[in-house]
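Note sheet for the following structure.
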Amino acid sequence: MGSDAREGDVEAWFDAAGPRAEELRRVDALVTAAAPGIDRQLVPVGSSTMLGYGLMPYRPRSARETTTWPLLALAAQKRHLSLYVSAVVDGRYLAEARADRLGRVSCGKSCIRFTSLDRVDEAELAALVRDAVAATAAGRNGYAST
């Protein structure tokens, strides 16, 4: 699939989010500004689709073969947005380790949940994105082996 077709698919994904489309676009702009040149494409997950950034090799313990998984993924849930950060540095999930710095969000190990980007400390989120990309590029992201 060419990049023009892929970009059209991404635009259709935003549009399909209805009232959440503008908020998703804001998060996408933050991610792409913090990680210039990162690849971005739709990633099917179950019956839905997320916007994935920075595909990397990944092999869960239950799998025999390595596949690819996005370093970052953005999804619209029923009541909130989720930004998944598949980065483990020095044995800690980056999202979980920095949860207290990200503003009014709810965090799991690799998931940051929020209702609006206005509730997020955008500078801290941009720094987290930059650090996840840098750790992955330097071969220090242990996510693929968790």
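Filter the range 88-108 down to the residues that are among the charged types (D, E, K, R) and surrounded by 15 or more Cβ atoms within 10 Å (Cβ to Cβ) and list them by number. Result: GLU96, ARG98. Which residue is nearest to TYR58 (Cα to Cα), if the candidates are limited to the range 132-146 and must be more than 13 Å from the chain's Cα centre (by Cα) and surrounded by 15 or more Cβ atoms within 10 Å (Cβ to Cβ)? So the residue we want is ALA144. Note on the range 22-64: residues that are in a strand (DSSP E or B), within 14 Å of VAL10 (Cβ to Cβ) and of a type outside the set (Phe, Trp, Tyr) amount to 9. Is there a residue in the range 86-101 that is of a type in the set (S, T, N, Q) and in contact with a strand residue (DSSP E or B) (Cβ under 7 Å, 6 or more places away or on another chain)? Yes, some residue in the range 86-101 is of a type in the set (S, T, N, Q) and in contact with a strand residue (DSSP E or B) (Cβ under 7 Å, 6 or more places away or on another chain).
Considering the range 11-37, and only residues there that are of a type outside the set (A, V, I, L, M, F, W, C) and closer than 22 Å to LEU55 by Cβ, the residue that is surrounded by the most Cβ atoms within 10 Å (Cβ to Cβ) turns out to be ASP28.
Of the residues that make up the range 34-45, is at least one modelled with pLDDT of 95 or more, at negative phi and over 16 Å from the mean Cα position of the chain (by Cα)? Among the residues of the range 34-45, not one is modelled with pLDDT of 95 or more, at negative phi and over 16 Å from the mean Cα position of the chain (by Cα), which makes the answer no. Only one of the listed residues (ARG20, ARG64, ARG79) is at pLDDT below 85, more than 15 Å from VAL129 (Cβ to Cβ) and not small (Gly, Ala, Ser). That residue is ARG64. Where strands (runs of 3 or more DSSP E) fall entirely within the range 65-146, those with at least 3 residues that are in contact with a helix residue (DSSP H, G or I) (Cβ under 7 Å, 6 or more places away or on another chain) are at 67-76, 81-85. Filtering the range 36-54 to residues that are in contact (Cβ under 8 Å) with a residue 40 or more places away in the chain and touching a Phe, Trp or Tyr at 6+ places or on another chain (Cβ under 7 Å) leaves ILE38, LEU51.
The values are calculated or read from the model by the stated rules, or taken from the named source; none is laboratory data. These figures come from a predicted structure and were not determined experimentally. All Cβ positions, even for glycine, are placed from backbone atoms using ideal geometry, and neighbour counts span all protein chains on display.
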